[in-house]
């Protein structure tokens, strides 16, 4: 009897322990219970993972470093200077040599020739950013007169930091999409993930291109230099008056006048003269006909009888 009671007590204790364990640890379906080739499941997985990486439920992201602490500032320098020099061609050659010594180059050059062999030249000089102030000082030293000077800068540090963060998020998104593409077996799911992966890779290339552009612009400063001949050697120009242009306009007006007269003569000979000749002939015929009609209707005057001769 005691043995039966012990056995019943042990069975009851086992049942109670099993119930408590089933409540404490809920059963969970493994992620692989659903087939991989289910297109709806693959699309939902892609969307959920993409939203997590691109800004839905935040994944573990590294905080962006504060500007000025761990990030080197990126500043784009631009300068513009107009110089009056004795010889513009010689000054251009000197600037080209100096740009090469500074580690830069001439990216663009244009010229305007005055009468008398004098030339005004415009140059676009690219020099390393750390040489910007030295280059501006050297250009000032070359001039007889500085007629215009502008210096500007643009801080693009924050934009570059934002682009770095965006690039990291896009690369993580692309990596997750590649994983989902490898896991998916259904064609429709593969195509859906591939379309999103292509768009993400395009955004990555655009972001890298913008970052490279900012890097190049910040590394090399841009200086626009205008070289003008000396005032004593420059040809006289009064308020932009150009006699050659006036002569050309007068000649064009003369040609237009002759063209109008010739056109008018052609119209007179071809159209006006025949029309007026026809109208004149019609009027002449009418007048002639009316004259004949009135002449016939006019009564004849009686002939006076001669007196008899005595």
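Would you confirm whether or not segment 183-205 contains a residue that is closer than 30 Å to residue 126 by Cα, at pLDDT 90 or above and surrounded by fewer than 14 Cβ atoms within 10 Å (Cβ to Cβ)? Looking through segment 183-205, at least one residue is closer than 30 Å to residue 126 by Cα, at pLDDT 90 or above and surrounded by fewer than 14 Cβ atoms within 10 Å (Cβ to Cβ). Within segment 211-222, restricting attention to residues that are buried (at least 16 other Cβ atoms within 10 Å of the Cβ) and out of contact with any helix residue (DSSP H, G or I) (no Cβ under 6 Å at 6 or more places or on another chain), the residue that is farthest from residue 168 (Cα to Cα) is 222.
For every residue, the table says whether it meets (1) more than 45 Å from the chain's Cα centre (by Cα); (2) modelled with pLDDT under 80; (3) more than 30 Å from residue 147 (Cα to Cα); (4) surrounded by 10 or more Cβ atoms within 10 Å (Cβ to Cβ).
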| residue | (1), (2), (3), (4) |
| --- | --- |
| 240 | no, yes, no, no |
| 259 | no, no, yes, yes |
| 265 | yes, no, yes, yes |
| 276 | yes, no, yes, yes |
| 282 | yes, no, yes, yes |
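Looking across segment 135-172, just one residue is buried (at least 16 other Cβ atoms within 10 Å of the Cβ), over 18 Å from residue 211 (Cα atoms) and out of contact with any helix residue (DSSP H, G or I) (no Cβ under 9 Å at 6 or more places or on another chain), and that is 136. Among the numbered conditions (1) assigned to a loop (DSSP other than H, G, I, E, B); (2) in contact with a strand residue (DSSP E or B) (Cβ under 6 Å, 6 or more places away or on another chain), the only one that residue 217 does not meet is (1).
The values are calculated or read from the model by the stated rules, or taken from the named source; none is laboratory data. Values in this document were obtained by computation on a predicted structure and should not be read as measured data. Note: ideal-geometry Cβ built from the backbone for every residue, glycine included; neighbour counts use all protein chains shown.
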